[in-house]
Amino acid sequence: MPGTPPRAYAQPLTSALPEHPYPRAPARKRPTQPRTISYMTTDLAESDITLLREAIAVSKNAVAAGNHPFGAVLTDPSGAIVLSAENTVNTANDCTGHAETNLVRLAWREIGPERLGDYSLYTSCEPCAMCCGAIYWSGINRVVFAMSEAELNSLTGDNPENPTMSLDSRVVLNGGQRAITVLGPAISAEAIAAHAGFWG
Ligand SMILES: [Zn+2]
């Protein structure tokens, strides 16, 4: 009949919808506070500085092997180095071969994710967004770095071999669901020295 809306439109919307057969899962509580716990250089212990120097030494090994000057070491809860990894981008022909991502791969195989929450990752340079992602998914909860990403950016510029991102590691790690302690930068000059003449 002209002027009469179809029956479905004449009914209240709620009564037209069938009840969902399964109850909805309760909404998960979402943290509202920043999750990354950050400290600056003054909070580093002398043992942390020593371990950063070990990571820088690994970064020099990477150059000697034909790769980019980045290195990282993993320590167990006692502070002993248990694993190390260097950049392998050139020799492995793998753009994901950053030191920290290589170290995470190794750590999962050698140590296992159930234990990594109590381990610390020391790296010669602030982790990039990719490596922050790898660290997050690994379960490692503590990261200490020497040179900052901004300092690296000033070294590499627009070098196509390393188009450094302008992205603070804390920004990436703060997006996760658990608190990750991030310390750095520290002894930047020593980490930068390993890059002397490398980027042209
Ligand atoms: Zn990286």
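Per the listing C131, C95, the residue uniquely surrounded by fewer than 16 Cβ atoms within 10 Å (Cβ to Cβ), free of Cβ contacts under 8 Å to residues at least 40 places away in the same chain and within 20 Å of H195 (Cα to Cα) is C95. Within segment 152-192, the set of residues being farther than 19 Å from D48 by Cα and assigned to a helix (DSSP H, G or I) comprises L152, N153, S154, L155, T156, V171, V172, L173. L167 meets all of the listed conditions (1) over 13 Å from the mean Cα position of the chain (by Cα); (2) within 13 Å of the ligand (Cβ to nearest atom); (3) modelled with pLDDT under 95; (4) more than 21 Å from I56 (Cβ to Cβ) but one, namely (1). Any residue at all in segment 183-200 that's surrounded by 15 or more Cβ atoms within 10 Å (Cβ to Cβ) and under 10 Å from the mean Cα position of the chain (by Cα)? No. Listed by position, the strands (runs of 3 or more DSSP E) inside segment 66-151 whose residues that are away from the ligand (no atom under 16 Å from the Cβ) number at least 2 are 81-86. Which condition breaks for I111 when tested against (1) out of contact with any strand residue (DSSP E or B) (no Cβ under 9 Å at 6 or more places or on another chain); (2) more than 27 Å from G66 (Cβ to Cβ)? Here I111 clears every test but (1). Within segment 52-68, residues that are of a type in the set (S, T, Y) have Cβ atoms under 6 Å from residues that are surrounded by fewer than 24 Cβ atoms within 10 Å (Cβ to Cβ) and not in a helix (DSSP H, G or I) in these pairs: S59/A194, counting only partners at least 6 apart in sequence or on another chain. Here is the figure for segment 44-82: residues that are within 21 Å of T164 (Cα to Cα) and touching a Ser or Thr at 6+ places or on another chain (Cβ under 7 Å) total 10. Quickly run through segment 86-100 and pick out the residues that are within 16 Å of M130 (Cα to Cα) and in contact with a Gly (Cβ under 8 Å, 6 or more places away or on another chain). Selection gives E86, N87, T88, V89, A99.
Here is a yes/no grid of residues against (1) more than 12 Å from the chain's Cα centre (by Cα); (2) more than 18 Å from P69 (Cα to Cα); (3) β-branched (V, I, T):
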| site | (1), (2), (3) |
| --- | --- |
| S120 | yes, yes, no |
| A134 | no, yes, no |
| I140 | no, yes, yes |
| S148 | yes, no, no |
| N153 | yes, no, no |
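Considering the conditions (1) at pLDDT 95 or above; (2) surrounded by 19 or more Cβ atoms within 10 Å (Cβ to Cβ); (3) of a type outside the set (V, I, T), E149 is excluded by exactly one of them, (1).
Considering V73, V104, V58, which residue is under 26 Å from F198 (Cα atoms) and more than 16 Å from the chain's Cα centre (by Cα)?
Result: V58 is the single residue among V73, V104, V58 that is under 26 Å from F198 (Cα atoms) and more than 16 Å from the chain's Cα centre (by Cα).
The values are calculated or read from the model by the stated rules, or taken from the named source; none is laboratory data. These figures come from a predicted structure and were not determined experimentally. Every residue, glycine as well, gets a Cβ built from its backbone with ideal geometry; the counts of neighbours run over all protein chains shown.
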